[in-house]
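In what follows, a single structure is set out as structure tokens and then discussed.
The values are calculated or read from the model by the stated rules, or taken from the named source; none is laboratory data. Just so you know, these numbers come straight off a predicted model, no measurement behind them. As a convention, Cβ positions derive from the backbone with ideal geometry for all residues, glycine included, and neighbour counts pool all protein chains shown. Accessible surface areas use protein heavy atoms only, side chains included; no ligands, DNA or RNA. Shrake-Rupley method; radii C 1.70, N 1.55, O 1.52, S 1.80 Å.
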Amino acid sequence: FTLFSTDATNLVSGVSGKVSQVYVRDARVAKTLLVSQASQGSGGANADVTVSAVSTDHNEAYYLSKASNLVHGASGKNVQAYASTLDQGRASRVISSFDGGELNSDVESLSTSPDGKLIAFSTAATNELKTSSGSSQSCYLLDRQSGKTVRISVATDGSPITGSCTAPNLSGDGF
């Protein structure tokens, strides 16, 4: 499988406009599918979508977008992180605030473990953790199985770092 982003409008029917979408190409069967599908099931995202990763079992794609039509209740105010199952094209928000809502700042980067169980990301959101300082960009690690998110950009005493943290990248085993 190859996951890619493009603003082409002639890959699948129902996609129009000059907004980048995420697609997956299965070269074995010469088939291209829209990954960044609108939650209503017709057409694609209504804002640019950036590819982040695909799981090693080729079941999920991870991407970033400010689109308001990928999941119910999305505001389109900030870039959020999403995962879509490649067989059904259903999107879900994979990173949420501590109370289950949207982050109040952009997710800047995203990295996943090969199996998709761990997600590292950076954001300046002040609502990621109950104790988020929001003073600068921080890096976090989300364990999707437990639902627990921890700040990974910390000083030796465990306090948030004084500078910004960007572009976290997980190793092959996720640790």
- Message: As an exercise, identify the trypsin sites (Lys or Arg not before Pro) in region 66-111 lying in DSSP coil whose Cβ has no more than 14 other Cβ atoms within 10 Å.
- Response: 77, 90
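What's the carbon and sulfur percent of region 94-175's accessible surface, probe 1.4 angstrom, rounded to a whole number?
Details: 2020 of 4100 Å².
Heavy-atom surface of region 94-175 belonging to carbon and sulfur, 1.4 Å probe: 49 percent.
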- Message: Tell me the Rg and the Dmax, in Å, that the Cα atoms of region 9-103 produce.
- Response: 12.9, 42
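Largest first, how would 98, 121 line up by accessible area (1.4 Å probe)? If you can, show how the numbers build up before the last one.
Numbers: 98 110, 121 0 Å².
Descending order: 98, 121.
Going down the table (18/117; 77/130; 18/130), which pairs top 31 Å between alpha carbons?
Over 31 Å apart, Cα to Cα: 18/117; 18/130.
Can you give the local net charge around residue 39? Use residues other than it whose beta-carbon is closer than 14 angstrom to its beta-carbon, Lys and Arg +1, Asp and Glu -1. If you can, show how the numbers build up before the last one.
Working: positive: 90, 93; negative: none.
Counting the neighbours of residue 39, the net charge comes to +2.
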- Task: Can you spot the aspartates and glutamates whose alpha carbon is less than 14 Å from residue 66's alpha carbon? Ignore those fewer than 8 places along the same chain.
- Result: 48, 102, 106, 108
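Starting from the Cα-Cα distance between residue 40 and residue 88, subtract it from 0.36 nm times their residue separation and give me the gain in nm to one decimal. Spell out each step's value before the answer.
Details: separation 48, 0.36 × 48 = 17.28 nm, distance 1.27 nm.
Taking residue 40 through residue 88 to full extension adds about 16.0 nm, to one decimal.
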- Query: Any idea what the dipole of the chain comes to, in debye rounded to 20, about its Cα centre with Lys/Arg Cβ at +1 and Asp/Glu Cβ at -1?
  - Reply: 280
- Query: Lys/Arg Cβ at +1, Asp/Glu Cβ at -1, dipole of region 1-117 taken about the Cα centre: which of 82, 55, 45 is farthest positive-ward?
  - Reply: 45
- Query: Does region 73-175 come out rounded, prolate or oblate by the C-alpha gyration tensor, with a ≥ b ≥ c the root eigenvalues, rounded set by a/c under 1.5 and, if not, prolate when a/b is larger than b/c and oblate if not?
  - Reply: oblate
- Message: Among (1) 20.3; (2) 21.9; (3) 16.5, only one was calculated for this model; which label is it, if the read-out is Kirkwood radius over Cα pairs in Å?
- Response: (3)
